[in-house]
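Structure, as structure tokens:
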Amino acid sequence: MAITDKIYVKNHRQLASQLETSFPKSAFAGATLDLLFTGDSLANLDSTTQDRVLDFAEDFLDCDCKSHPYCGCAERKFIQYLLELRAQGFGPDAIVDVMGDDYMLYAYSGDILSFLDQSVRTLEAAEALAEIEASRDRRDELHDAKHELTNG
Ligand SMILES: [Zn+2]
């Protein structure tokens with residue numbers, strides 16, 4: 001399962017009651033994206049929640065793909081967001097706090113931790129491959145990226 005399958009809408013029950021409908025708890029589930037970001041339902045939310053939802057839409061759902069919001073851009077951008085937070089020195093718990101403040105989302109810090117571990121391993125594998133076949137520049141680049149993630 002991708003990390004984006006483990007990102008949840010905070011205050012899910014409260015939101016569902018404001019919207020007078022039910023939707024999946026998972027933030028990146030198709031039905032959630034449809035309901036929260038493409039419907040007229042936003043008007044029913046309190047203003048704080050509206051702001052967070054609009055921020056999320058602006059930051060992650062702003063592509064022009066035909067299959068939007070199912071094109072995968074939102075998931076890719078969110079993963080980028082997580083890695084940037086890590087590179088800024090945030091640990092798993094702090095990352096969960098930040099996504100709550102920014103977008104009213106939450107995740108289990110254990111899931112964030114394994115995602116970060118996995119990302120470092122992926123980079124290590126890419127680094128090893130680059131060592132064999134690609135240019136030294138690319139290898140150095142991956143090496144630096146890994147350092148950003150591990151030395152935060
Ligand atoms: Zn897209």
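Is it the case that Ala74 is closer than 23 Å to Asp55 by Cα, touching a residue at least 24 places away in the same chain (Cβ under 8 Å), surrounded by 15 or more Cβ atoms within 10 Å (Cβ to Cβ) and of a type in the set (A, V, I, L, M, F, W, C)?
Against the criterion (closer than 23 Å to Asp55 by Cα, touching a residue at least 24 places away in the same chain (Cβ under 8 Å), surrounded by 15 or more Cβ atoms within 10 Å (Cβ to Cβ) and of a type in the set (A, V, I, L, M, F, W, C)), Ala74 qualifies.
If you scan the stretch 66-75, which residues turn out to be out of contact with any His (no Cβ under 9 Å at 6 or more places or on another chain) and near the ligand (Cβ under 9 Å from one of its atoms)?
Answer for the stretch 66-75, where residues must be out of contact with any His (no Cβ under 9 Å at 6 or more places or on another chain) and near the ligand (Cβ under 9 Å from one of its atoms): Lys66, Ser67, His68, Pro69, Tyr70, Cys71, Gly72, Cys73.
Does any residue of the stretch 80-99 turn out to be under 16 Å from Asp5 (Cβ atoms) and in contact with a Leu (Cβ under 7 Å, 6 or more places away or on another chain)?
yes
In this structure, does Phe78 turn out to be at pLDDT 95 or above and either within 16 Å of the ligand (Cβ to nearest atom) or over 16 Å from the mean Cα position of the chain (by Cα) (or both)?
For Phe78, the condition - at pLDDT 95 or above and either within 16 Å of the ligand (Cβ to nearest atom) or over 16 Å from the mean Cα position of the chain (by Cα) (or both) - is met.
Which residue pairs have Cβ atoms closer than 7 Å, lie 6 or more positions apart in sequence or on different chains, and pair a first residue in the stretch 42-65 that is within 16 Å of the ligand (Cβ to nearest atom) with a second residue that is hydroxyl-bearing (Ser, Thr, Tyr)?
Phe56/Tyr103
Quick check: is even one residue across the stretch 105-112 touching a helix residue (DSSP H, G or I) at 6+ places or on another chain (Cβ under 9 Å), of a type in the set (Ser, Thr, Tyr), buried (at least 17 other Cβ atoms within 10 Å of the Cβ) and assigned to a helix (DSSP H, G or I)?
Within the stretch 105-112 (the criterion being touching a helix residue (DSSP H, G or I) at 6+ places or on another chain (Cβ under 9 Å), of a type in the set (Ser, Thr, Tyr), buried (at least 17 other Cβ atoms within 10 Å of the Cβ) and assigned to a helix (DSSP H, G or I)), the answer is no, since none of the residues qualifies.
I need the full set of residues from the stretch 77-100 which are outside any helix (DSSP H, G or I) and surrounded by 17 or more Cβ atoms within 10 Å (Cβ to Cβ), in order please.
The answer is Phe90, and nothing else.
Got a sec? Which of Asp55, Asp59 is loosely packed, with under 14 Cβ neighbours inside 10 Å and either acidic (Asp, Glu) or more than 29 Å from Asn151 (Cβ to Cβ) (or both)?
From the options Asp55, Asp59, the qualifying one is Asp55.
Could you check Asp34 against (1) at pLDDT 90 or above; (2) within 16 Å of the ligand (Cβ to nearest atom); (3) not in a loop (DSSP other than H, G, I, E, B) and say which number it fails?
(1)
The values are calculated or read from the model by the stated rules, or taken from the named source; none is laboratory data. No experiment lies behind these values; they were computed from the predicted model shown. Ideal geometry is used to build each Cβ from the backbone, glycine not excepted, and the neighbour counts take in all protein chains shown.
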